[in-house]
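The values are calculated or read from the model by the stated rules, or taken from the named source; none is laboratory data. Keep in mind it's a predicted model, so treat the numbers as computed, not measured. Please note: Cβ atoms are built from the backbone with ideal geometry, for glycine as well, and neighbour counts cover all protein chains shown.
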Amino acid sequence: MTGQAHTGRPRRLLRNLSSKIASIPMMLTAVVIFLGGTTWTVVYSFTNSKLLPRANFVGLDQYERLWDAPRWIVSIQNLAIYGALTLVFSLVMGFVLAALMDQKIRFENTFRTIFLYPFALSFIVTGLVWQWILNPEFGVQSVVRALGWTSFTFDPLYNADIVIYGVLIAGLWQGTGLVMCLLLAGLRGIDEDIWKAARVDGIPMWKTYLFIIIPMMRPVFITTLVIIASGIVKVYDLVVAQTSGGPGIASEVPAKYVYDYMFQAQNLGQGFAASTMMLVTVAIIIVPWAYLEFGGRKRV
Amino acid sequence: MRFMAAALAATVVLPSAAAYATDLEVTHWWTSGGEAAAVAEFAKAFDATGNKWIDGAIAGAGSTARPIMVSRLTGGDPMGATQFNHGRQAEELVEAGLLRDLTDVATRENWKEIIKPASLLDSCTVDGKIYCAPVNIHSWQWLWLSNAAFETAGVPVPKNWDEFVAAAPALEKAGIVPLAVGGQAWQAAGAFDVLMVAIAGKDTFNKVFKDKDADVAAGPDMARVFKAAEDARRMSRGTNVQDWNQATNMVITGKAGGQIMGDWAQGEFALAGKVAGKDYTCLPGLGVNEVISTGGDAFYFPVLADEEKSKAQEVLASTLLAPATQVAFNLKKGSLPVRGDVDLAAANDCMKKGLDILAKGNVIEGTDQLLSADSQKQKEDLFSEFFANPSMTPEDAQKRFAAIIASAD
Amino acid sequence: MQKSVSIKDLSLSFGAVNVLENLNLDIGDGEFLVLLGSSGCGKSTLLNCIAGLLEPTGGQIFIKNKNVTWEEPKDRGIGMVFQSYALYPQMTVEKNLSFGLQVAKMPRPEIDKRIARAAEILQIGPLLKRKPSELSGGQRQRVAIGRALVRDVDVFLFDEPLSNLDAKLRSELRVEIKRLHQSLRNTMIYVTHDQIEALTLADRIAIMKSGVIQQLADPNTIYNAPRNMFVAGFIGSPSMNFLRGEIAGRDGHPVFVTNGVEFALDGYGASEALQPGRKVVLGVRPEHVAVNAEGAETHQATVDIEEPMGADNLLWLKHAGHTLSVRVGGARRFAPGTAVKLSFDMGLASLFDAGTEERI
Amino acid sequence: MSDSVALKSAPAAASKAEPWGAKPRRALSGRNIMLYGTLIVAALYYLLPLYVMIVTSLKGMPEIRLGNIFSPPLEITFEPWAKAWASACTGLNCDGLSRGFWNSVRITVPSTLISILVASVNGYALANWKFRGADIFFTILIVGAFIPYQVMIYPIVIVLREMGIYGTLTGLVIVHTIFGMPILTLLFRNYFSALPEELFKAARIDGAGFWQIYLRIMLPMSLPIFVVAMILQITGIWNDFLFGVVFTRPEVYPMTVQLNNIVNSVQGVKEYNVNMAATLLTGAVPLIVYFVSGRLFVRGIAAGAVKG
């Protein structure tokens, strides 16, 4: 692409050369690490690798065992519950907070900082603090009981039926602030005239949000969704720090199953099979959507 | 005695070491107070040889430290030495040629003779070659009881498991959790193994875990163990803690009647200033069947290109097993030394009970040695679920247990 | 005239969509050519191809007889002015002007000389130290033109440069661009959807639709002799009146018949024989219909709506089942319902084939 | 085709900070009570853990054992802070978090800079110089954001080993660059796409090439999104434990390793006050970054995320 006076069509490969050179790190990451690493994982999920990866193929054995394992089933169920609730609650809470923040309020900076600061803390810290607050011996429950309501029971982390909601409380605490920020940013990007038009037309505020503003914020919601969803699939540290998967196996999640079987049980094959199942699920949901969303569109 | 031992250690290793003084990075997951103090004894002894111990401590055994160690090894950036669970877990690293053959050092220092029980060295042996240096013996089979708790409940301190079960209602009435079991999975699985040896005996234990006999695992002896586990589950309700030492703390403070935990728990009692026999009672083999397991910790030495560091590795290996180091280390760690020829005069009552049983040869191998990490993990998953979920029947659990044994390698 | 820009068989498609198809266009040296069309007709795409900002799928582009089809924009000898001005927001006006020259490693004195000249021509001297955000829309567009000016190029490309300005500024700047062209005599290619700009500025207009040039001619021809119904309808405000009907013969002379009303075609210069029975469309501009004039042939009509516009007065009339727009002098007022007589100037009318919509 | 984005679109709109809702009426209207009531309740939920952390870190152990975690300290002590910073033990090294602080800085600074640099160039190439197949790579990247890190450890160990940079700071920087790439590239791509395309065209007419346009036109206009990327990366990298420990040696272990060792030690009495002090100390850097640049964060996100 230099200033040389050539009249022929340049070689396909040389067109946009700087851009291609600049994108080499991205291409390498995409192909070698993400694609290559994934392929490697999938291939080795058909082996009986233990501590070290070894190409000793055993067909679908690892997968059969995986789907026979009660812990894996519980993990999948937990991820589904945690994922669905996180998506719904962080979007709803995030949006409500963002909408409130968008009302020309006083102390906006203070409120925003308060909502956002947990995001600066790691999941390990988040898990620890909430483990503590939710501990019935000296957390919320004991405080309420000390106030006189002695039959009060609030021990989500020690009740297998609701433990995943205890994790959810902590997860939302950490992540909603970012969602609020993203959506607030989206709200600020909406043309002022839209609000004027809606007011002139006498549309109630909640209806304006629901039917006009939210559909207009589709791109922001998509970015937000990518960030939340990728966090949900990877949830691991939070559970480890807060419950270690307990009580029993009641709060296990897939990423923890993968990690425990890879490194604690030293059964790489099993861990890889589990991660392959995770990847397949993600791929089925994400790939078609991602390609429609990010690919194929031409800029003129 | 300490001075003597140190001097002895110095004379053993100094001559060969002085010429090869070098830094050696040692990774391990002993990070708490008592553990760190114990490691410091190793470091002190190693530094005394003129080399330098570079400490690479990472808290959190299996989940955190292991992937780091394995990554360093496979990534071609090995440390000088590393703690690892010996037995089945390191086999593959040995087979991959990543770990160093210590047979020369072992022969020179006559490990075969001095290491007791011999099963410890067997766990380090692959194809007749020795790959690790065992440093201590930990036994699991202890029931720790709080004398104060039983006093509060108005019942005598039990002398065995059955009495303990019988005393449970009284404890509960007094608002005391009879049996503290921490939430982490390994604690439930460990407690079950202890119940198994105590109730079904050594033979059943070996048939199930050593021979992987699924029929025995599904049989009537094991059914009794599962019944006992159900008792334990009922007695453990109300233990709202995760870590084992928090559970131990419940016993120490009299909030719980007892805990099934390994010998490392007595470190906690000692730290809290409690005296065995007066403040707390320890029942090896749950007071039913006085057998202890001989698991423990070991150090492995990766293959290094640097010749001087390789020499230093040999010095470290022999330092770890030197009598003086063994005494100093194990007293701090609360574990038993791997050699029978050292004097543990400073040991407390419970430790002495353990030493007696060890001397009698009433030992079994630890489950870490007998089962692969994979089977161990499956077992943990099962018992952690069993202990947390009262609706799971002992029969169901036994069925799943037998299936795990059947598929174990 | 010497050719300045020459486009041969240019095609461009995005996937299955053909935006330009085998387009040919020659632009003379010093000519002011306007590309006119509604949005999506391909006019901006064509301009971007000439600028080298889009790669054509086929065909060639020559500038000053040099094949530049695959040249970088900077090597084509062009300057470009954008609708949104596209001034670099973080740079002062002076930096904006000098950026391209610095990139080309031009010596500083020469850069200063050129900036001074551009500033003088465009009267932006006092603005040089300011940032774009401190300028008004009109000033910004002057700077944008200045940026093309300092490059001292053969060809200026304008991409709807006045569309973001208000009506008053637009007409002021329009005059200025015309003055600029008259003094510089550069080739200018100017994209717009505004027919006034096109008619006032252009030496020639190329009217585009769906990637095809419909007509390329001087403004007068475009206005008075549109080649097809699209061009006829696109140019002029209000639009040309279209009457659908057919050719009939009366006394050997062709006449146009619609809804039973006849129009003599004697004054119309047809390019081919007008066969009776042929379906055609008669096009008459509002100003080419006389109201209540003394003439050979008159038609009855009724005033429906009157739109006084100051200088003009626009009448909407009912005539033979059609609605006609007719322009009369501002002083002539007609109340709705008034019956009037119309006479049509066939010499300035257009006749199109009803099927092909081409001019006959 | 001619209706290109006007100059005032994204960055300018983003720099306007005033919200558009309805105008506030009287101070004590029902609406305001609802509005501030909700905000304050939410703020309490968010502040509670921080309060607990701070209060606990200022108590002595005996007081903590007494119970109520919400009660303010009877006797304020800074000892836990001193201990966490200077004398908490990691194995044999008893110099607290201070040991890892500079290591964390040494890891975070280059990792943040390089990952942002690479991702911004990616985003720029994707937005302005899209080449055939670029979308496929980008799609892979986005899907890659969903892969649990742990799964990638072994493949990356192998790749770094083959490159001969396993165990070096360079290797760690590359790892952070890789895992920061999906989200950052998405943000930068969106941001650059939202910039008026005509600016890019004008610069090309002016003869600027790929790098000149990036450095002289795009970079100066991108402060908000760089702030966002910086905040995200500093937070992520500073809080990272797994990569810091898997891909380096003990002498450069980050602060989080010491935090893990203090917090996760399996034996001994849990010193909650020291744990909390250590947690707050470790979180201090990202927290300060948030407090200082929170306003720019929203602005940057506004510019970067609005366009999909």
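Among the residues of segment A:267-284, those identified as within 14 Å of chain B (Cβ to nearest Cβ) and among the aliphatic types (A, V, I, L, M) are A:L268, A:A273, A:A274. The listed residues are D:A84, D:A127, and the only one of them that is at the interface with another protein chain (Cβ under 10 Å from one of its Cβ atoms) and in contact (Cβ under 8 Å) with a residue 24 or more places away in the chain turns out to be D:A127.
Pairing residues of segment C:187-198 that are within 11 Å of another protein chain (Cβ to nearest Cβ) with residues that are among the basic types (K, R), at Cβ distances under 6 Å and at least 6 apart in sequence or on separate chains, gives C:V191/C:K43.
Looking across segment D:160-189, the residues that are over 24 Å from the mean Cα position of the chain (by Cα), surrounded by fewer than 22 Cβ atoms within 10 Å (Cβ to Cβ) and of a type in the set (A, V, I, L, M) come down to D:M163, D:I165.
Of the residues making up segment B:70-128, those that are outside any helix (DSSP H, G or I) and without any contact (Cβ under 8 Å) to a residue 40 or more places away in the chain number 11.
Would you please name the residue that is modelled with the lowest pLDDT, looking only at residues in segment C:315-353 that are in a helix (DSSP H, G or I) and surrounded by 13 or more Cβ atoms within 10 Å (Cβ to Cβ)?
C:M346
Taken over segment B:257-273, residues that are within 11 Å of chain D (Cβ to nearest Cβ), of a type outside the set (G, A, S) and touching a residue at least 24 places away in the same chain (Cβ under 8 Å) amount to 2.
Yes/no matrix, rows are residues, columns are (1) at the interface with another protein chain (Cβ under 7 Å from one of its Cβ atoms); (2) under 22 Å from D:A43 (Cβ atoms):
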site: A:V92; (1), (2): no, yes
site: A:F115; (1), (2): yes, yes
site: A:L134; (1), (2): no, yes
site: A:W149; (1), (2): no, no
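Which of the residues that make up segment A:167-181 are among the aliphatic types (A, V, I, L, M) and closer than 14 Å to A:L100 by Cα?
Result: A:V179, A:M180.
Taking the options B:I58, B:I54, name whichever one is aliphatic (A, V, I, L, M), crowded, with 20+ Cβ neighbours inside 10 Å and either modelled with pLDDT under 80 or not assigned by TED's automatic domain parsing to the domain that holds B:N245 (or both). Going through B:I58, B:I54 in turn, just one is aliphatic (A, V, I, L, M), crowded, with 20+ Cβ neighbours inside 10 Å and either modelled with pLDDT under 80 or not assigned by TED's automatic domain parsing to the domain that holds B:N245 (or both): B:I58.
Only one of the numbered conditions (1) under 17 Å from the mean Cα position of the chain (by Cα); (2) within 14 Å of chain D (Cβ to nearest Cβ) is violated by B:A118, and that is (2).
Listed by first and then second residue, the pairs with beta-carbon distance under 8 Å, at least 6 apart or on different chains, first residue in segment D:151-180 and within 9 Å of chain B (Cβ to nearest Cβ), second in a loop (DSSP other than H, G, I, E, B) and among the basic types (K, R), are D:G167/D:R249. Of the residues making up segment D:181-195, those that are more than 7 Å from every other protein chain (Cβ to nearest Cβ), outside any loop (DSSP other than H, G, I, E, B) and among the aliphatic types (A, V, I, L, M) number 3. Among the residues of segment B:215-274, the ones that are among the hydroxyl-bearing types (S, T, Y) and surrounded by fewer than 20 Cβ atoms within 10 Å (Cβ to Cβ) come to 1 in all.
If only residues of segment C:286-314 that are in a strand (DSSP E or B) and under 20 Å from C:M346 (Cβ atoms) are counted, the one that is farthest from the chain's Cα centre (by Cα) is C:Q300.
Across segment D:263-280, the qualifying residues are those that are assigned to a helix (DSSP H, G or I) and within 11 Å of chain A (Cβ to nearest Cβ), and the one among them that is modelled with the lowest pLDDT is D:N264.
Selection of segment D:129-140 for residues being in contact with a Phe, Trp or Tyr (Cβ under 7 Å, 6 or more places away or on another chain), crowded, with 19+ Cβ neighbours inside 10 Å and assigned to a helix (DSSP H, G or I) yields D:F138, D:T139, D:I140.
Every condition in (1) away from chain D (no Cβ under 14 Å); (2) in contact with a Gly (Cβ under 8 Å, 6 or more places away or on another chain); (3) not hydroxyl-bearing (S, T, Y) holds for C:N164 except the one numbered (1).
Residue pairs whose Cβ atoms lie under 6 Å apart, separated by 6 or more positions or on different chains, with the first residue in segment B:389-407 and facing chain A (nearest Cβ under 10 Å) and the second surrounded by 14 or more Cβ atoms within 10 Å (Cβ to Cβ) and aromatic (F, W, Y), are B:M392/B:F386. No other residue among D:I288, D:I225 is assigned to a helix (DSSP H, G or I) and either over 22 Å from D:I54 (Cβ atoms) or facing chain B (nearest Cβ under 8 Å) (or both) apart from D:I225. Residue count for segment A:121-147, restricted to those that are assigned to a loop (DSSP other than H, G, I, E, B), within 16 Å of D:V52 (Cα to Cα) and more than 24 Å from the chain's Cα centre (by Cα): 5. What is the number of the single condition among (1) in a loop (DSSP other than H, G, I, E, B); (2) modelled with pLDDT of 85 or more that A:S244 does not meet? Condition not satisfied by A:S244: (2). Looking at B:P117, B:P158, just one residue is surrounded by fewer than 19 Cβ atoms within 10 Å (Cβ to Cβ) and more than 21 Å from B:V303 (Cα to Cα), and that residue is B:P117. Within this structure, B:A45 passes the test of being on the phi < 0 side of the Ramachandran plot, more than 11 Å from chain D (Cβ to nearest Cβ) and modelled with pLDDT of 90 or more. For residues in segment C:14-50 being away from chain D (no Cβ under 11 Å) and part of a loop (DSSP other than H, G, I, E, B), which is surrounded by the most Cβ atoms within 10 Å (Cβ to Cβ)? If we take residues in segment C:14-50 being away from chain D (no Cβ under 11 Å) and part of a loop (DSSP other than H, G, I, E, B), then C:E31 is surrounded by the most Cβ atoms within 10 Å (Cβ to Cβ). Report whether or not C:A273 is aliphatic (A, V, I, L, M), surrounded by fewer than 13 Cβ atoms within 10 Å (Cβ to Cβ) and more than 23 Å from C:P336 (Cα to Cα). Criteria met by C:A273. Would you pick out the residues in segment D:200-217 that are in contact (Cβ under 8 Å) with a residue 12 or more places away in the chain and at the interface with chain C (Cβ under 7 Å from one of its Cβ atoms)? Within segment D:200-217, just D:I217 meets the criteria. Is it the case that C:E94 is more than 7 Å from chain D (Cβ to nearest Cβ), more than 26 Å from the chain's Cα centre (by Cα), modelled with pLDDT of 90 or more and surrounded by 18 or more Cβ atoms within 10 Å (Cβ to Cβ)? It is true that C:E94 is more than 7 Å from chain D (Cβ to nearest Cβ), more than 26 Å from the chain's Cα centre (by Cα), modelled with pLDDT of 90 or more and surrounded by 18 or more Cβ atoms within 10 Å (Cβ to Cβ).
Just give me the residues in segment A:19-34 being in a helix (DSSP H, G or I) and among the hydroxyl-bearing types (S, T, Y), in sequence order.
A:S19, A:T29, listed by residue number.
Residues that are free of Cβ contacts under 8 Å to residues at least 40 places away in the same chain and in a helix (DSSP H, G or I) within segment B:190-211 comprise B:M196, B:A200, B:D203, B:T204, B:K207, listed in sequence order.
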